[in-house]
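Scroll down for the structure; my scribbles are underneath it.
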Amino acid sequence: MSSSSFFLNYPLISAFLAFAIAQSIKFFTSWYKERRWDFKQLVASGGMPSSHSATVVALATAVGFQEGFRGAMFATALILASIVMYDATGVRLHAGRQAQVLNQIVCELPAEHPLAETIPLRELLGHTPVQVIAGGLLGVITGAVGHLITLAAAR
């Protein structure tokens, strides 16, 4: 594969673009809420919208438009997207909630307890269903707009 065809890979570009848009939304909404720039938001997990969902849904949408929605490639991308989205609202969301509880327990330990100085666990790991749906919609829009741009460029 030549480097030029890599940069013309519409499904790959759609996925990266959806990720970048989702992370940018988090970055700017963080600034709006806190009135400070938090550059960690550009790569952080959790929050609105789900960049994981946006990425895999944009990939699946783009693969569907490029390869056909009845093919094995689209089926594979759709199953991958479903697993990622399910995981974001299931395992990762509950792991984050457990981290909140554990951090609270550690904060209430007496100073002499061996775990009192434990570094807090990351709490924002997963997504609510609304965040996952918003990421999915962003992914569909990104994949569809990319398809329209590809069609216009081919003319």
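Values for this structure:
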| quantity | calculated |
| --- | --- |
| Residues that are aliphatic (A, V, I, L, M), at pLDDT 95 or above and over 11 Å from the mean Cα position of the chain (by Cα), drawn from the range 14-29 | 17 |
| Residue in the range 67-89 that is assigned to a helix (DSSP H, G or I), modelled with pLDDT of 90 or more and touching a Pro at 6+ places or on another chain (Cβ under 6 Å) present | no |
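Residue-wise test of (1) closer than 20 Å to residue 130 by Cβ; (2) free of Cβ contacts under 8 Å to residues at least 40 places away in the same chain; (3) touching a helix residue (DSSP H, G or I) at 6+ places or on another chain (Cβ under 7 Å); (4) of a type in the set (Ser, Thr, Tyr).
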| residue | (1), (2), (3), (4) |
| --- | --- |
| 34 | no, yes, no, no |
| 62 | no, no, yes, no |
| 75 | no, yes, no, no |
| 83 | yes, yes, no, no |
| 108 | no, yes, no, no |
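The values are calculated or read from the model by the stated rules, or taken from the named source; none is laboratory data. Since this is a predicted model, take the numbers as computed values, not measurements. Positions of Cβ are generated from backbone atoms using ideal geometry, with glycine treated the same way; all protein chains shown enter the neighbour counts.
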